[in-house]
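The values are calculated or read from the model by the stated rules, or taken from the named source; none is laboratory data. Here the structure is a predicted model, which is why all the values come from computation and not from measurement. All Cβ positions, glycine included, derive from the backbone under ideal geometry; neighbour counts span all protein chains shown. Side chains are part of the model used for accessible areas, which takes the heavy atoms of the whole protein and leaves out ligands, DNA and RNA. Shrake-Rupley method; radii C 1.70, N 1.55, O 1.52, S 1.80 Å.
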Amino acid sequence: MPVRLAVVEDHPIMRQGLVTVLGLEPGFEVVGEARSGAEAVELCRRVRPDVALMDLQLPGMDGVEATRRIVGEGLSRVVVLTTFDTEENVVEALRAGAAGFLLKDVDAPELCAVIRKVAGGEAFVQPAVATKYLRLLAKAPPRDPLTPREMEVLRLLSRGLSNREIAAELNVVESTVKNHVTSILAKLEVKNRTSAAAKTRDLLERPRGG
């Protein structure tokens, strides 16, 4: 099965260039294009791509809000592709649930490799911007609280269940679980499932009132 992609970019030349490059890549299928955040959300609701390639600077609804809605509804995984690597952009995009963050100067082979990683359930932040994210994260205010469904996923994750097993337990598709796990890792400020489980156990075992 090919990796189904949606390209979200308001500049026509850039958008067409991405569609052309990705459309020629073996194993990829571009299933839609969008010029704004609102269009991106509607597109993902309609075609359910595996990965949405998302610009941040979009007319109307920006890429961060579009990412938050797309990931929140379990419509697609998101890779941000942007010119802007400010600390705020990096952190807000990842908080919104983006599974990848790349700058537009990335070459085509690396872009395609990251898309494949994200489609397979991994996360990737370009090394050039990772230090900005980590530095701001250290001084950032606490994350948004976990949603009730994220708490359910976290409890099952902490028991060592795989995404597939969690999906079966909750009667949802595996991609929805992957999106919840991405959000949980961001909110708990950890890098992987093992760290999330360890942090959860630590919070549960910590004496109250002390």
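Straight-line reach from Lys187: taking Cα to Cα under 14 Å and skipping same-chain neighbours fewer than 8 places apart, the aspartates and glutamates in range are Glu92, Asp144, Glu150.
The 1.4 Å probe gives accessible areas that order Thr86, Thr194, largest first, as Thr194, Thr86. Ordered by 1.4 Å accessible area with all protein chains kept, Lys117, Lys104 run largest first as Lys117, Lys104. Between the helical axis of 12-24 and the longest alpha-carbon principal axis of the chain there is an angle of about 80 degrees. Relative to the longest principal axis of the Cα atoms of the chain, the long axis of helix 108-119 makes an angle of roughly 40 degrees. Ligands, DNA and RNA left out, the 1.4 Å accessible surface of the chain is 53% carbon and sulfur atoms.
Between Lys117 and Phe84, the contour length at 0.36 nm per residue exceeds the alpha carbon distance by 9.7 nm.
For Glu150, Glu65, the ranking by accessible surface with the largest value first comes to Glu65, Glu150, using a 1.4 Å probe. FRET efficiency for the Arg159 to Ile13 pair, using the beta carbon distance and R₀ = 41 Å, is estimated at 0.25. Can you compute the helix-only [θ] at 222 nm over the chain? Use -39500 (n - 2.57) per DSSP H run of at least 4 residues, normalise by all residues, nearest 500 deg cm²/dmol. After summing the helix terms and dividing by residue count, I get -17000 deg cm²/dmol. The order of the peptides 173-179, 74-80, 13-19 by mean Cβ neighbours within 10 Å, most packed first, is 74-80, 173-179, 13-19.
Here the simple spin-label model places points 7 Å from the Cα toward Cβ, and for Val190 and Met61 these points are separated by 3.1 nm. Our estimate of slack between Ala38 and Ala108, defined as 0.36 nm per intervening residue step minus the Cα-Cα distance, is 22.5 nm.
Hey, what angle do you get for helix 127-139 against the long axis of the chain, alpha-carbon based, 0 to 90 degrees rounded to 10? The two axes meet at around 40 degrees.
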